[in-house]
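Since the structure comes first, as structure tokens, the remarks are kept for the end.
The values are calculated or read from the model by the stated rules, or taken from the named source; none is laboratory data. This one's a predicted model, so the numbers in the text were calculated from it and none came from an experiment. Note that each Cβ is placed from the backbone with ideal geometry, even for glycine, and that neighbours are counted across all protein chains shown.
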Amino acid sequence: MATESLLGASNAFLEIIEQTSRLAPLRKPVLIIGERGTGKELIAHRLHYLSPRWDQSFVTINCATLSESLLETELFGHEAGSFTGAAKRHQGRFERADGGTLFLDELATTSARVQEKLLRVIEYGEFERVGGAKALSVDVRLVCATNEDLPALADRGGFRHDLLDRLAFDVITLPPLRERRDDIMLLAEHFAHGMTRELGYDLFAGFSRQAKALLHDYDWPGNVRELKNVIERSIYRQANPRLALAELVINPFDSPWRPGARRTAPAIGIDTERGAREQDIDTNEAVSVTLPTLPCDLKTQVASVEIDLLKQAMRQSQYNQRKAAQLLTLSYHQFRGMLRKYQLLDGENDPV
């Protein structure tokens, strides 16, 4: 997400931007906390490029991707011969960030040994390379990020309280996208136009009413990163880019041929004594059918049941027509045909 720009107009978002701008000119360390995909690295970039260090190095490292020994040598460097394979001196990230900013992502995954060395750098601005005896001095602004509750982790003994105290001069806690509902369409339009240009299309035709409703109502557990992926994936899969985007591909793994997947057919239970009973469809909503009083128009009654099932399948699948078709064990084209049959399309190409 570091290649994207910060975008939003909701109060929650604007408050974070204002806090970040106030913190940027300082040398103090900053802790950024937020769920995955909320833009923690983008905030770190903003802290750097609005600071007096903007023309110096911005160095990053993901602490979760390296073992303890590798992380230690990547952060602090090592001397030649300090361990097997260390043929020459290695400059660590602190040295490379001297005069600039060092961004440590996934801070909560660091070991007690690494945390101890980080504490020394923050307190004294000094460290030693692995295998070295000489103290090196650096001027580095430290920005750290995590999706963990660090105070709770420290209480459980998984993080040093003293390091937490020094890192948390101030804490920027990013709101999840579900708390920024007013920003969802703004971001979706931004990502859509970007993907349209990438594909070489003339323009983006917009979102259907149902797509807008789903974008707004979905909880977005992957936050802005997930929203970006969904929009770009849906546009590239769209059959006719001249039409408004109607079908959102939220789960790219969704397939009847996915290993271990089982297709569940809907069932309608009829209790001849009571007249009706409800039965679950795919463990979610239930459809109830009540036997009409005879005589009746059979075609009308069957049509009513089919319409109810079509509408329920669309709600349950979050208006993804392919998934709704699977819930009813229909092909996509059969499902579309039934929508047209019962005039459940708003327009010729705008599905319910």
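Considering (1) exposed (fewer than 12 other Cβ atoms within 10 Å of the Cβ); (2) modelled with pLDDT of 80 or more; (3) not hydrophobic (A, V, I, L, M, F, W, C), the lone condition that GLN238 does not fulfil carries the number (1). Evaluation of ASP162 against the conditions (1) in the same structural domain as GLU18 (by TED's automatic domain parsing); (2) closer than 22 Å to THR60 by Cα; (3) touching a residue at least 40 places away in the same chain (Cβ under 8 Å) shows that the sole unmet condition is (2).
Only one of the numbered conditions (1) over 15 Å from the mean Cα position of the chain (by Cα); (2) surrounded by 17 or more Cβ atoms within 10 Å (Cβ to Cβ); (3) over 12 Å from THR173 (Cα atoms) is violated by LEU14, and that is (2).
If we scan region 194-204, do we find a residue that is within 21 Å of ILE33 (Cβ to Cβ), loosely packed, with under 13 Cβ neighbours inside 10 Å and among the charged types (D, E, K, R)? Looking through region 194-204, none of the residues is within 21 Å of ILE33 (Cβ to Cβ), loosely packed, with under 13 Cβ neighbours inside 10 Å and among the charged types (D, E, K, R). Of the candidates LEU26, LEU47, the single residue that is more than 20 Å from the chain's Cα centre (by Cα) and either more than 27 Å from LEU177 (Cα to Cα) or assigned to a loop (DSSP other than H, G, I, E, B) (or both) is LEU26. Here ASP98, ASP55 are screened, and the one residue that is free of Cβ contacts under 8 Å to residues at least 24 places away in the same chain and either among the β-branched types (Val, Ile, Thr) or part of a loop (DSSP other than H, G, I, E, B) (or both) is ASP55. Within region 192-203, being within 12 Å of ARG242 (Cα to Cα) and modelled with pLDDT of 95 or more holds for one residue alone: THR196. Here PRO266 clears all of (1) within 21 Å of LYS212 (Cα to Cα); (2) at pLDDT below 60; (3) surrounded by 11 or more Cβ atoms within 10 Å (Cβ to Cβ) except the condition numbered (1). For region 73-86, check the following and say yes or no: at least one residue is over 29 Å from HIS193 (Cα atoms), without any contact (Cβ under 8 Å) to a residue 24 or more places away in the chain and of a type in the set (Phe, Trp, Tyr). No, there is no match, as no residue in region 73-86 is over 29 Å from HIS193 (Cα atoms), without any contact (Cβ under 8 Å) to a residue 24 or more places away in the chain and of a type in the set (Phe, Trp, Tyr).
Of GLU74, GLU41, GLU35, all but one fail to be surrounded by 14 or more Cβ atoms within 10 Å (Cβ to Cβ), among the acidic types (Asp, Glu), in contact with a Leu (Cβ under 7 Å, 6 or more places away or on another chain) and closer than 30 Å to ASN229 by Cβ; the exception is GLU74. The single residue among LEU119, LEU150, LEU187 that is within 24 Å of the chain's Cα centre (by Cα), assigned by TED's automatic domain parsing to the domain that holds ASN62 and in contact (Cβ under 8 Å) with a residue 24 or more places away in the chain turns out to be LEU150. Within region 153-184, the set of residues being closer than 20 Å to THR20 by Cα, over 25 Å from the mean Cα position of the chain (by Cα) and basic (Lys, Arg) comprises ARG166 only.
Of the residues ALA133, ALA192, ALA145, the single one that is part of a helix (DSSP H, G or I) and among the aliphatic types (A, V, I, L, M) is ALA192.
Suppose the filter is within 19 Å of GLU41 (Cβ to Cβ), modelled with pLDDT of 90 or more and buried (at least 18 other Cβ atoms within 10 Å of the Cβ); does ARG141 pass it? Yes: the conditions hold for ARG141.
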